[in-house]
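Undergrad: Once you've had a glance at the structure underneath, I'll fire off some questions.
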Amino acid sequence: MKSPLLSLPGAVPAEGSDEGVAAHYGDLFREQRTLAAGTGLVDLSHRGVVTVSGEDRLSWLHLLLTQHVSELPPGRATEALILSANGHIEHALYLVDDGETVWAHVEPGTQEALIGYLESMKFFYRVEVADRTDEFAVVHLPAGSISPVPDGVVVRETAHGRDLFLPRAQLESYAAEHGPAVGILAYEALRIEAHRPRLGFETDHRTIPHELGWIGSAVHLQKGCYRGQETVARVHNLGKPPRRLVFLHLDGSEVHLPGHGTPVRLAADGAEGRQLGFITTSARHHELGPIALAMVKRNVPLDAQLVAGDTAAAQEVVVEP
């Protein structure tokens, strides 16, 4: 779904998973500084929007999600995962309940599979699941933004800002009035700086929540009765995750950023050394320079000097080994 904001001056389309919105509008670092200052807005209209309504919605979702939502108060934002039977991450939902309906936004293109799973689990519960992506666009306002929210628009507010479920028909006019619009690359750079994982970027087919630091924020350890809960409890109480997420400061003299999947090795071993992990996401930050998130083996020493491809990298701990 192509955003109307791609018609704005300087807009350069994003590629890959973020296709459909702008990568940037001509000045990446200025756009990052705009967000960091609490102004501007990010067009996330390519993300899927799913709603769950009905009087059993919270008790039903409580049985399916990793988060405790049975008593979720209206207006309180949370995030949750859906796991496989083996505890691997399949879906990530960013949700809020408005008192009558649970609203969630999800990674672009994942809503169809998510809805298919939810529909298969309805049984006798009084719930209605709907794909609202064609009707509503997600717009992100950074923390500190004073931009108003139109009447009737559902808002999901966290420490990182506010996500608006804005009617698509209002997207262009709202951006014109409360911009400037900021591209997805600036948003991603600040996400990496904040060590926040993203489904499909920091995850693969065998990722478990412990590896990404999603325990607590997206996984509630005092509840059971959801698919994959046995793995979550076993790793938390008896074991250790095989991998861990790290934040990397990359060598700023390199022209190219290491892309997703670039091998991470010990610097002392060089390019022929044993692979210890891989880059998940990288970006150029307006203050920190080139940065990245990476998944590495749990036993990689915390003080180890690493290389991502040919690029020197110094690590900061995100998930304790």
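Undergrad: Does the stretch 120-143 hold any residues that are surrounded by 18 or more Cβ atoms within 10 Å (Cβ to Cβ), part of a loop (DSSP other than H, G, I, E, B) and either of a type in the set (A, V, I, L, M) or at pLDDT below 95 (or both), and which are they?
TA: Selection gives 127 alone.
Undergrad: Just checking, how many residues over the stretch 1-22 are in contact with a strand residue (DSSP E or B) (Cβ under 8 Å, 6 or more places away or on another chain), surrounded by fewer than 14 Cβ atoms within 10 Å (Cβ to Cβ) and within 16 Å of residue 137 (Cα to Cα)?
TA: 0
Undergrad: Considering 169, 175, which residue is on the phi < 0 side of the Ramachandran plot, aliphatic (A, V, I, L, M) and either touching a residue at least 60 places away in the same chain (Cβ under 8 Å) or assigned to a strand (DSSP E or B) (or both)?
TA: 175
Undergrad: A further question follows. For residue 117, which of the numbered conditions (1) touching a residue at least 24 places away in the same chain (Cβ under 8 Å); (2) assigned to a strand (DSSP E or B); (3) of a type outside the set (A, V, I, L, M, F, W, C) fails to hold?
TA: That leaves (2) as the condition not met.
Undergrad: Now for a separate question. In the stretch 301-321, how many are hydrophobic (A, V, I, L, M, F, W, C), within 11 Å of residue 264 (Cα to Cα) and open to solvent by less than 30 Å² (accessible area, probe 1.4 Å)?
TA: Total satisfying the criteria: 4.
Undergrad: Looking at the stretch 1-94, what strands (runs of 3 or more DSSP E) fall wholly within it and have at least 3 residues that are over 20 Å from the mean Cα position of the chain (by Cα)?
TA: none
Undergrad: Return yes when residue 316 is out of contact with any Leu (no Cβ under 6 Å at 6 or more places or on another chain), not aromatic (Phe, Trp, Tyr) and not in a loop (DSSP other than H, G, I, E, B) and no when it is not.
TA: yes
Table: residues versus (1) open to solvent by less than 40 Å² (accessible area, probe 1.4 Å); (2) in contact (Cβ under 8 Å) with a residue 60 or more places away in the chain; (3) not in a loop (DSSP other than H, G, I, E, B).
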| position | (1), (2), (3) |
| --- | --- |
| 231 | yes, yes, yes |
| 235 | yes, yes, yes |
| 245 | yes, yes, yes |
| 257 | no, no, no |
| 260 | no, no, no |
| 265 | no, no, yes |
| 274 | no, no, no |
| 292 | yes, yes, yes |
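Undergrad: May I pose another question? Mind checking which residues of the stretch 200-219 are closer than 16 Å to residue 78 by Cα and in contact with a strand residue (DSSP E or B) (Cβ under 7 Å, 6 or more places away or on another chain)?
TA: Those that are closer than 16 Å to residue 78 by Cα and in contact with a strand residue (DSSP E or B) (Cβ under 7 Å, 6 or more places away or on another chain): 209, 213, 214, 217, 218, 219.
The values are calculated or read from the model by the stated rules, or taken from the named source; none is laboratory data. From a predicted model like this one, the values you see are computed outputs, not experimental measurements. All Cβ positions, glycine included, derive from the backbone under ideal geometry; neighbour counts span all protein chains shown. Heads up: the accessible areas ignore ligands, DNA and RNA and are worked out on the full protein's heavy atoms, side chains in. Shrake-Rupley method; radii C 1.70, N 1.55, O 1.52, S 1.80 Å.
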